[in-house]
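What follows is a set of notes on a single structure, which appears directly below.
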Amino acid sequence: MIALVRGTVAVRRADHVVVEAGGVGYRLAVSAETLRRVPALGGAVTLHAHLVVRDDALALYGFATEEERDLFLLLIGVQSVGPKVALAVLSGGTPRELVTALANEDVARLQAVPGIGKRTAERIIVELREKVAGGSAGGAEIVITRSDDPRRLARDGLVELGMTVIEADELLRDAPEDTPENLISAALRAARAR
């Protein structure tokens with residue numbers, strides 16, 4: 001898993017940057033919020049990263065802060081929210097502003113994002129408002145809570161391996177294991193058996 005990319009900005013576009021690190025150029029899709037913090041060509045940059053593996057592509061996403069990456073991971077865990085829509089949501093403001101919108105159940109703010117209708121906005125709020133805290137308290141740090149539920153952790157791990165949330169849930173449904181690692185192993189065995 002690629003978690004961090006540090007190097008020199010080789011390309012800077014509206015939706016992505018290329019960071020040269022160790023003689024290799026990494027193309028990272030970025031939100032408008034992250035792009036604001038990326039220096040001009042030739043500048044040194046460090047981006048937190050997340051790799052999404054699909055059957056037809058490896059897509060690398062870059063984030064200026066860990067909070068933004070964590071919000072991205074939470075967003076792509078919501079049904080019908082893919083990486084592109086998650087980046088669009090993150091482009092609408094800082095992580096603190098997004099957390100505040102979730103805490104205040106601001107459906108209209110999420111609906112303003114291209115690709116998000118009322119039902120998707122409501123689903124995002126319902127699924128994420130309990131997972132994020134601190135956004136509406138003045139000056140409070142953003143706190144993203146993580147569930148210690150082994151099945152939830154296993155599902156998150158399978159999603160990071162490239163499965164959809166629905167596929168991961170289906171594979172985990174009958175898994176008898178009790179730790180995230182064992183659940184992931186059981187799910188991968190079930191996937192191979194299909």
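The values are calculated or read from the model by the stated rules, or taken from the named source; none is laboratory data. For clarity, every value in this text was computed on a predicted model and none was experimentally measured. For neighbour counting, all protein chains shown are included, and Cβ atoms are generated from backbone atoms with ideal geometry for every residue, glycine included.
Against the conditions (1) more than 21 Å from Arg6 (Cβ to Cβ); (2) in contact with a helix residue (DSSP H, G or I) (Cβ under 8 Å, 6 or more places away or on another chain), Asp55 satisfies every one except (2). Scanning the stretch 2-32 for residues that are of a type outside the set (A, V, I, L, M) and touching a Phe, Trp or Tyr at 6+ places or on another chain (Cβ under 9 Å) yields Gly7, Glu20, Ser31.
Only one entry of Val9, Val19 meets the criterion of being at pLDDT 95 or above, out of contact with any helix residue (DSSP H, G or I) (no Cβ under 9 Å at 6 or more places or on another chain) and crowded, with 20+ Cβ neighbours inside 10 Å, and that entry is Val19.
Per the listing Ala64, Ala49, Ala57, the residue uniquely under 28 Å from Leu158 (Cα atoms) and free of Cβ contacts under 8 Å to residues at least 12 places away in the same chain is Ala57.
Under the condition of being crowded, with 18+ Cβ neighbours inside 10 Å and under 13 Å from Asp156 (Cα atoms), which residue from the stretch 166-188 is nearest to the chain's Cα centre (by Cα)? Residue satisfying both the conditions and the ranking: Ala168.
In the stretch 98-116, the residues that are over 16 Å from Val126 (Cβ atoms) form Cβ pairs under 6 Å with partners that are in a loop (DSSP other than H, G, I, E, B), at six or more places apart or across chains, as follows: Thr100/Gly135; Thr100/Ser136; Val113/Gly92. Of the helices (runs of 4 or more DSSP H) contained entirely in the stretch 57-134, those carrying at least 2 residues that are within 30 Å of Tyr26 (Cβ to Cβ) fall at 66-76, 83-90, 95-103, 118-128. Of all residues in the stretch 148-182, those being among the polar types (S, T, N, Q) and under 15 Å from Gly77 (Cβ atoms) number 1. Of all the numbered requirements in (1) part of a strand (DSSP E or B); (2) out of contact with any Ser or Thr (no Cβ under 8 Å at 6 or more places or on another chain); (3) among the β-branched types (Val, Ile, Thr), Val45 misses one, and that requirement is (2). Taken together, Gly92, Gly77, Gly82, Gly115 contain a single residue that is more than 27 Å from Asp169 (Cβ to Cβ) and not assigned by TED's automatic domain parsing to the domain that holds Val159, which is Gly92. Residues in the stretch 1-14 that are assigned to a loop (DSSP other than H, G, I, E, B) and within 22 Å of Glu160 (Cβ to Cβ): Met1, Ile2, Ala3. The condition (being without any contact (Cβ under 8 Å) to a residue 40 or more places away in the chain and assigned to a strand (DSSP E or B)) is satisfied by just one residue among Arg37, Arg27: Arg27.
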